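Chemist: Have a look at the structure that comes next, please.
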Amino acid sequence: MDTVLNLYKKHGETPLQTVERYVALHPEYTGVKMTYAGRLDPMAEGLLIVLTGEKNKERESYTGLSKVYEFEFILGIETDTYDVLGKVVSSKIIDNVSMGQIGEVIEKYQGVFEQSYPAYSSKVVAGKQLFEYARSGTINTIVLPKHTVNVTDIKLDSVRTISREEFIQSIETSVGLVQGDFRQKEIISLWKKYKEIAPDIVSVYRARVSCGSGFYVRQLVSDIGRDLGTGAVTTHILRTRVGEYRVEDSIR
């Protein structure tokens with residue numbers, strides 16, 4: 001039972017729920033120590049490295065592996081979590097923004113730079129995780145910490161359009177997949193209010209990034225929206241690679 005598992009974390013699951021689902025299907029792992037090397041948010045899906053037994057002693061070497069993500073985002077709106085599992089905090093009608101403009105901003109994030117931790121994250125400050133400050137409304141009493149990240153490649157790939165109705169329905173479906181207390185009712189209510197002012201046609205941008213450990217895609221998207229002056233929110237994240245492990249080989 002001392003092995004490395006390449007599991008597929010489903011959209012809407014927490015990493016713990018992914019591990020529990022696997023153990024339920026493979027009872028031989030019951031009671032075996034299992035930890036995941038690198039988290040994925042509930043709204044993200046894809047490759048999740050899980051270490052079992054003695055492999056847990058090597059966890060640091062696995063969490064430090066490089067990663068590749070494909071992600072989607074929209075402009076003109078912001079949430080407190082920087083993804084769709086968050087409360088809408090601002091929105092605006094934006095003028096046409098070209099792919100060239102977005103691409104130029106995105107490419108500025110290639111290299112080594114300081115990235116803030118999202119307010120809704122598990123980073124510990126003064127004995128409390130950041131999301132605890134955020135949920136209690138005291139996040140403004142601390143300085144959000146930063147850390148050094150490394151992006152080796154980043155590119156804006158494409159854009160697609162969907163109707164306002166289809167977009168809001170996709171969010172309701174996604175949020176509805178999440179179990180546990182993530183403020184789902186309040187979040188869906190606020191997205192329904194946004195529907196009243198959302199454009200008839202929503203542009204969804206798709207990009208990909210190759211990066212080192214500790215990188216937050218939703219923080220990147222928030223920073224891109226800030227740089228463009230439009231605001232932005234992450235709508236989907238897929239982790240496709242961790243080191244030499246590929247999502248195509250993941251156990252589903």
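Chemist: Would you tally the net charge around Val149, using a Cβ to Cβ cut-off of less than 14 Å, leaving Val149 out, and scoring K and R as +1, D and E as -1?
Modeler: Values: positive: Lys67, Lys108, Lys123, Lys146, Arg218; negative: Glu114, Asp153, Asp223.
Computed value for this residue: +2.
Chemist: Let me ask you something else. Under 17 Å Cα-Cα from Lys128, which aspartates and glutamates qualify once same-chain neighbours fewer than 8 residues away are excluded?
Modeler: Straight-line reach from Lys128, under 17 Å: no aspartates and glutamates qualify.
Chemist: Can you list residues whose amide H is under 5 Å from Lys33's amide H, if they're 5+ apart or on another chain and H is modeled 1.01 Å from N?
Modeler: The answer is Gly53.
Chemist: If amide hydrogens are placed 1.01 Å from N in the peptide plane, which non-local residues have theirs closer than 5 Å to the one on Ile251?
Modeler: Those lying under 5 Å, H to H, from Ile251 are Asn6, Leu7, Tyr8.
Chemist: Mind checking which aspartates and glutamates have their Cα closer than 17 Å to the Cα of Lys92? Skip sequence neighbours fewer than 8 apart in that chain.
Modeler: Counting by Cα, and skipping residues close in sequence, Lys92 has these aspartates and glutamates nearby: Glu78, Asp80, Asp83, Glu196, Asp200, Asp223, Asp227.
Chemist: So how far apart, in nm, are the two label points at Lys92 and Arg226 if each is 7 Å from Cα heading toward Cβ?
Modeler: Label-label distance for Lys92 and Arg226, simple model: 1.4 nm.
Chemist: For segment 4-64, what are Rg and Dmax over the alpha carbons, in angstrom?
Modeler: Values for segment 4-64 (Cα only, Rg and Dmax): 11.1, 30 Å.
Chemist: Near Gly53, within a Cβ-to-Cβ distance under 13 Å, what is the net charge of the other residues, with Lys and Arg +1 and Asp and Glu -1? Intermediate results must be reported in sequence, preceding the final value.
Modeler: Details: positive: Lys33, Lys55, Lys57, Arg59; negative: Asp2, Glu28, Glu54, Glu58.
In short, 0.
Chemist: Can I ask one more? Note the full-extension length gain between Gln169 and Glu60 as 0.36 nm times their separation in residues minus their Cα-Cα distance, in nm to one decimal. Could the numbers behind the result be given before it?
Modeler: On the way: separation 109, 0.36 × 109 = 39.24 nm, distance 3.95 nm.
That works out to 35.3 nm of additional length.
Chemist: Can I ask one more? Working out 0.36 nm times the residue gap between Gln17 and Thr3, then minus their Cα-Cα distance, what length gain in nm do you get to one decimal?
Modeler: Answer, rounded to one decimal: 3.1 nm.
Chemist: Measure out, as a whole number of angstrom, how far apart the alpha-carbon centroids of segment 30-46 and segment 112-181 sit.
Modeler: Measuring centre to centre over Cα atoms gives 18 Å.
Chemist: Per-residue HN-Hα couplings for segment 71-83, Karplus 6.51 cos²θ - 1.76 cosθ + 1.60 at θ = phi - 60°, whole Hz, x for Gly and Pro?
Modeler: 8, 10, 7, 10, 9, x, 8, 9, 10, 6, 9, 6, 9
Chemist: Using the Cα centre of segment 67-243 as the reference point, and only Cβ charges (+1 on K/R, -1 on D/E), how large is the resulting charge dipole? Debye, rounded to the nearest 20. Working shown, then result.
Modeler: Values: 22 positive and 21 negative charges, 87 e Å.
Roughly 420 debye for segment 67-243.
Chemist: Any idea what Rg and Dmax come out to for segment 67-243 if you just take the C-alpha atoms, in Å?
Modeler: 16.0, 45
Read the figures in this text as sums done on the coordinates, not as results from a lab. As the structure is a computational prediction, the values presented were derived from the model and not from experiment. Because the Cβ atoms are built from the backbone with ideal geometry, glycine has one as well, and the counts that use them run over all protein chains shown.
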